[in-house]
Amino acid sequence: MIETKAYAAQNETTPLAPWTFERREVGPHDVQFDILYCGVCHSDLHQIKNDWFPGIFPMVPGHEIVGRVVKVGEHVKGFKVGDLAATGCLVDSCRVCENCKRDLEQYCLNGSSQTYNGLEQDHKTPTYGGYSNTIVVTEDFVLHLKEGVDLAAVAPLLCAGITTYSPLRHWKVGKGHKLAVLGLGGLGHMAVKFGVAFGADVTVLSTSPKKEEDAKKLGAHHFVVTTDPEQVKAAKNSFDFILDTVSAEHDFNMYLSLLRTDGVHICVGVPPKPAEIAAFSLLGGRKSLAGSGIGGIKETQEMLDYCAENNIVSDIEMIDIKDIQTAYDRMEKGDVRYRFVIDMATL
Ligand SMILES: [Zn+2]
Ligand SMILES: [Zn+2]
């Protein structure tokens, strides 16, 4: 077994603290890589607090993981020692269901293996994430990174990046479309970058007028303050797509009114409570309310390659792992531009 240093939550009430555990030995199809940087996702905080469902403890969060390969199994073909490697939200899936066969492992019908707070495909061994010094992952779920990229700023692409890239690609958002990005946080800032890169006319919808300057710096063409009734009125019937990254409660009916006929409101954020949707909000203008969850391995690789070719990375703030609690406190207040990334050398 491989002795592994980590930061873990022992239960849903204790703060993260140093913890040591054992990862499996490198199997014939496994890649082991030492972790250089790990992004801090809002879902890390939700999961250690049991906000969504009872978690598996001790819990080592982290699913925006980049590093360098230190060992490969005898049947591994795509990686060698010294290569860059990355892992996102998934470390395995059943590989045989109809969704896995369509490269949609994130929707595996038999339950994909989440990178942490999940179980391996034996459905009993817990998985532990990237707030640790090394990780062992089956080759098919390890992503390639190009040498020369800014590794720390690439880490958030593994969750925030693919979560916004995948729906924009699925609905073929691009030239001639008006895209609204709802919320300007970790997900929202990536959605703006991708929307602009794909050629869409991008508007940021935010409750905070203070974010206008930042939105424009990220490339957004327009900004609407959603607490200003005049601005909301002027934005009615104007968007082909709304990419909704907000994970707090909000009024879907109001946002649906901003869509044009045949417009699509796509949810990627996860508010804590179910929302009330009036059927009239949808049928007036034949509108759709949709959702999208992360992305499959093939598409995640495509996204990483696209970002490398087009110089797209996340805007980050690097932290020492000892400051993770402060980072969580600030993240809860929306006080981060736009992703914390842990320098794992500080572990
Ligand atoms: Zn995430
Ligand atoms: Zn499957």
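The values are calculated or read from the model by the stated rules, or taken from the named source; none is laboratory data. Fair warning: this is a prediction, and the values are worked out from it, not measured in the lab. Here the Cβ is made from the backbone with ideal geometry for all residues, glycine too, and neighbour counts use every protein chain on show. Accessible surface is based on the protein model in full, side chains and every heavy atom, while ligands, DNA and RNA are left aside. Shrake-Rupley method; radii C 1.70, N 1.55, O 1.52, S 1.80 Å.
Values as computed for the structure displayed
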| read-out | value |
| --- | --- |
| Cα gyration tensor shape of the stretch 1-129, rounded if a/c is under 1.5, else prolate or oblate by comparing a/b with b/c | oblate |
| Loop trypsin sites (Lys or Arg not before Pro), the stretch 206-246, which have at most 14 other Cβ atoms in a 10 Å radius of their Cβ (DSSP) | Lys236 |
| Amide hydrogen neighbours beyond the local backbone of Arg260, cut-off 5 Å, H modeled | Ser238, Phe239, Asp240 |
| Distant-in-sequence amide H partners of Leu90 (H built 1.01 Å from N, under 5 Å) | Thr115 |
| Carbon plus sulfur fraction of accessible area for the stretch 1-101, probe 1.4 Å, in percent | 54 |
| Computed E for Phe280/Glu3 - FRET, C-beta separation, R0 45 angstrom, nearest 0.05 | 0.15 |
| Residue-wise HN-Hα coupling along the stretch 340-347, computed from phi with Karplus coefficients 6.51, -1.76, 1.60 (Hz; x: Gly, Pro) | 7, 10, 8, 7, 6, 5, 8, 6 |
| Rounded to whole Å, sorted largest first: equivalent-ellipsoid semi-axes of the chain, Cα gyration tensor | 35, 21, 19 |
| Ordering of 180-188, 219-227, 37-45 by packing [mean C-beta count within 10 Å, highest first] | 180-188, 37-45, 219-227 |
| Reach of Lys172 by Cα under 17 Å, taken over aspartates and glutamates that are not fewer than 8 positions away in the same chain | Asp201, Asp240, Asp244, Asp262, Glu299, Glu302 |
| Backbone HN-Hα couplings from phi across the stretch 280-292 [Karplus 6.51/-1.76/1.60, Hz, Gly and Pro as x] | 4, 5, 9, 6, x, x, 6, 8, 10, 10, 10, x, 8 |
| Cys94 paired with Asp305, simple spin-label distance in nm, labels 7 Å along Cα-to-beta-carbon | 2.9 |
| Extension gain (nm, one decimal) between Asp150 and His123, 0.36 nm per residue minus Cα-Cα | 6.2 nm |
| Derived scalar couplings ³J(HN,Hα) [the stretch 131-142; Karplus, 6.51 cos²θ - 1.76 cosθ + 1.60; whole Hz; x for Gly, Pro] | 7, 7, 8, 7, 8, 10, 9, 4, 3, 5, 10, 9 |
| Cβ-derived FRET efficiency at R0 22 Å, His170 paired with Thr207, nearest 0.05 | 0.20 |
| Accessible surface of the stretch 180-222 [probe 1.4 Å, protein heavy atoms]: carbon and sulfur percent | 52 |
| Contour excess over end-to-end distance, with Cα ends at Trp52 and Asp343 and 0.36 nm allotted per residue | 102.0 nm |
| The stretch 185-338, accessible area per residue, ligands and nucleic acids excluded (1.4 Å, Å²) | 48 |
| Volume per residue of the C-alpha convex hull in the stretch 263-347, rounded to whole Å³ | 175 |
| Exposed-site-free run, longest, the chain (rule: GluC sites (Glu not before Pro); DSSP loop; at most 12 other C-beta within 10 Å) | 148-248 |
| All lysines inside 30 Å of Lys80 as judged from Cα atoms, apart from same-chain residues fewer than 8 positions distant | Lys5, Lys71, Lys101, Lys124, Lys146, Lys298 |
| Trypsin sites (Lys or Arg not before Pro) restricted to the stretch 49-101 and DSSP loop, no more than 11 other C-beta within 10 Å | Lys77, Lys80 |
| Pairwise FRET efficiency - Ala248 versus Glu25, Cβ, R0 = 45 Å, nearest 0.05 | 0.55 |
| Cα gyration tensor, the stretch 157-202 - rounded (a/c under 1.5), prolate or oblate | oblate |
| Reachable lysines from Lys210, criterion Cα separation under 25 angstrom, eight or more residues apart if same chain | Lys178, Lys193, Lys233, Lys236, Lys333 |
| Alpha carbon centroid spacing (whole Å) that separates the stretch 99-126 from the stretch 153-232 | 29 |
